[in-house]
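The values are calculated or read from the model by the stated rules, or taken from the named source; none is laboratory data. Every value quoted in this text rests on a predicted model; they were computed, and no experiment measured them. For neighbour counting, all protein chains shown are included, and Cβ atoms are generated from backbone atoms with ideal geometry for every residue, glycine included. Each accessible area value is taken on the protein alone, full model and side chains, heavy atoms only, with ligands, DNA and RNA left out. Shrake-Rupley method; radii C 1.70, N 1.55, O 1.52, S 1.80 Å.
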Amino acid sequence: MKTRLLLLEDDLTLSETVVDYFEEQGFEVRAVYDGDEANDVIYEEKFDIFLLDVNVPSLNGFELLKSVREQGNTTPAIFITSLNSMNSLEEGFESGCDDYIRKPFELKELLLRVQTIIKREFSNKKETIINLGESVTFDTNTNEVKKDGEVVALNFKELKLLKFFLQNQDELLVHERIFDFVWDYDEEPSDNSLRTYIKNLRKVLGKDRIVSLKKLGYRFNSK
């Protein structure tokens, strides 16, 4: 599954350059161009890392991240900025960032900083086996689903869907959010395929674990 980055950068040329580079490295990147737009997207979607320019229209990067942290969102964040004073650096870390990179920068350096944070995040997650009940477990390291100790064969999209449910338990997931997460940007989402994936997951997890809310979406019950 691709690591998802949110890039807030109002310089269109730099934004396109960063997006192209990271997509070539196997990441999925969502580019936004002002603080309010970033705030809306963060509320609607899940990301693994935020890359935030500071001096952007509407809500600046510092204000945005401070607001996001106050809402309980702990997604790692790297500030990208031309500011170089100690006061700016201090304000950045006080607003909740994990790292800081100054313009101009080498794309490789930004990549290394992102990779370092990813490794740290995974090393902090001690529990890798999630118990799903009914003698079913999911291993977040290997992406293996087991039932009664035997590996269950799920296809790639079924695994992505299961991980999305596990990241958003007891929450209504509208069809559009599921499509955005499970299908790649160059693929055409399919209601029929989604229903098939849900049906296959229910066979493994039990019928009551995934609830269909008519014409709205689905909810994964934690219990």
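Springs between Cα atoms under 10 Å define the GNM used for the chain, and in it the highest mean-square fluctuation of Ile129, Ile80, Ile117 occurs at Ile129. The H on the amide N of Leu59, modeled in the peptide plane, is under 5 Å from the matching H of Gly35, Asp36, each at least 5 residues off or on a different chain.
Efficiency by 1/(1 + (r/R0)^6): what FRET value for Asp34 and Val211, r their Cβ-Cβ distance, R0 = 45 Å, to the nearest 0.05?
Details: r = 36 Å, r/R0 = 0.81.
Efficiency at R0 = 45 Å is approximately 0.80.
Connecting C-alpha atoms closer than 10 Å in a GNM of the chain, tell me which of Asn143, Asn131, Asn55 has the biggest fluctuation. Judging by the Gaussian network model, the answer is Asn131. Solvent exposure of the range 129-220, expressed per residue, is 58 Å² of accessible area, with all protein chains present and a 1.4 angstrom probe.
What part of the accessible area of the chain, given as a whole %, is carbon or sulfur when the probe is 1.4 angstrom? Walk me through the intermediate numbers first.
On the way: 5760 of 12590 Å².
The value for the chain is 46 percent carbon and sulfur by accessible area.
In what sequence, largest accessible area first, do Leu162, Leu216 appear using a 1.4 Å probe? All intermediate terms of the calculation are to be shown ahead of the outcome.
Values: Leu162 0, Leu216 95 Å².
Final ranking, largest accessible area leading: Leu216, Leu162.
What FRET efficiency comes out for the pair Gln167/Gln25, r = Cβ-Cβ distance, R0 = 25 Å, nearest 0.05?
Details: r = 23 Å, r/R0 = 0.90.
Using R0 = 25 Å, I get an efficiency of 0.65.
Based on the Cβ-Cβ distance of Glu63 and Ser135, what FRET efficiency does E = 1/(1 + (r/R0)^6) give at R0 = 35 Å, to the nearest 0.05? The partial results should precede the final answer.
Details: r = 48 Å, r/R0 = 1.37.
That gives a FRET efficiency of 0.15.
Averaged over its residues, the range 4-125 has an accessible area of 52 Å² per residue, based on protein heavy atoms and a 1.4 Å probe.
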